[in-house]
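Okay, so here's the structure we're looking at.
We did not get these values from a lab; they are worked out from the coordinates using the rules stated. Nothing here was measured: the structure is a model prediction, and the numbers come from that model. No Cβ is skipped: glycine too gets one built from the backbone with ideal geometry, and neighbour counts run over all protein chains shown.
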Amino acid sequence: MDHRVVAIIPSSNLESSTAFYRRIGFAVVGDYGHYRILADGRGWHLHLNLMPGWPRHIEDNPFGLYLYVDDVDAVAAAVRELIIDPATPHFTPWRTYEFAVSDPSGLLVRIGRSVDQA
C-alpha cells in the first residue's frame with residue numbers, strides 16, 4: 001500500500017520555484033505546463049501549482065513546509081545564503097536540529113531532523 005501525503009504548493013514562478021527545490025534535493029518527475037510534480041526518490045513529493053501574482057505580498061504567504069532529512073548540514077550548505085537565521089542550523093527546545101529558508105513565493109521551509117537531546 002502506498003501511504004503518504006503530498007503538499008500542493010502555489011508558486012508565482014514555476015522556474016524559480018523548481019530551481020529552489022532542486023537545490024534541496026528534488027527533481028521534476030512530471031511537467032504539465034502550469035503544474036509540476038517533484039520528488040526526491042526517497043519519499044518526498046511536492047506539487048507546484050502556478051498561481052501568477054500570488055501571494056500579493058510575498059511576506060503574506062501563510063504556508064509552511066517541514067522537511068525531515070538525515071544530513072541537515074549538507075542541505076544547509078546547499079542553500080547557505082538563503083538561510084533566514086545565519087546562526088542556524090541549531091538545536092531547538094522541541095528536540096530538532098534545524099534551519100529555515102523561504103521559497104521564491106515566500107513559503108517557509110524548515111529543514112531538520114529529530115534529536116534525542118537539544
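Counting only DSSP beta bridges with both residues in the chain, the antiparallel share comes to about 65 percent. Within region 25-69, the proportion of C-alpha pairs whose separation exceeds 11 Å stands at 72%. For region 24-118, the relative contact order is 24 percent, taking Cα pairs closer than 8 Å that sit 6 or more residues apart in sequence and dividing their mean separation by the residue count.
Counting other C-beta atoms within 10 Å, which of ASP85, ASP2 has the fewest, and how do the rest follow? Intermediate values should be presented prior to the final figure.
Details: ASP85 10, ASP2 3.
By the 10 Å Cβ count, ascending, the order reads ASP2, ASP85.
For the chain, modelled as a GNM whose springs connect Cα atoms under 10 angstrom apart, the maximal fluctuation among GLY30, GLY43, GLY106 occurs at GLY43.
For the chain, a simple Cβ point-charge model (Lys and Arg +1, Asp and Glu -1, everything else neutral) yields a dipole of about 160 debye relative to the Cα centre. Residues in region 100-108 carry Karplus couplings, in order, of 9, 9, 10, 7, x, 9, x, 6, 6 Hz; the curve used is 6.51 cos²θ - 1.76 cosθ + 1.60 with θ = phi - 60°, and Gly or Pro positions show x. Shape analysis of region 7-114 yields a ratio of the Cα radius of gyration to the Kirkwood radius, Rg/Rh, of 0.96. Give the longest segment of the chain that steers clear of chymotrypsin sites (Phe, Trp or Tyr not before Pro) in DSSP loops with at most 10 neighbouring Cβ atoms within 10 Å, not counting the sites themselves. Within the chain, the longest run free of exposed chymotrypsin sites (Phe, Trp or Tyr not before Pro) spans 33-93. Among the trypsin sites (Lys or Arg not before Pro) in region 26-94, which ones are in a DSSP loop with at most 13 other Cβ atoms within 10 Å of the Cβ? Mind listing them? Passing sites in region 26-94 are ARG42, ARG56. Sorted fewest first by neighbouring Cβ atoms within 10 angstrom, HIS57, HIS90, HIS47 come out as HIS57, HIS90, HIS47.
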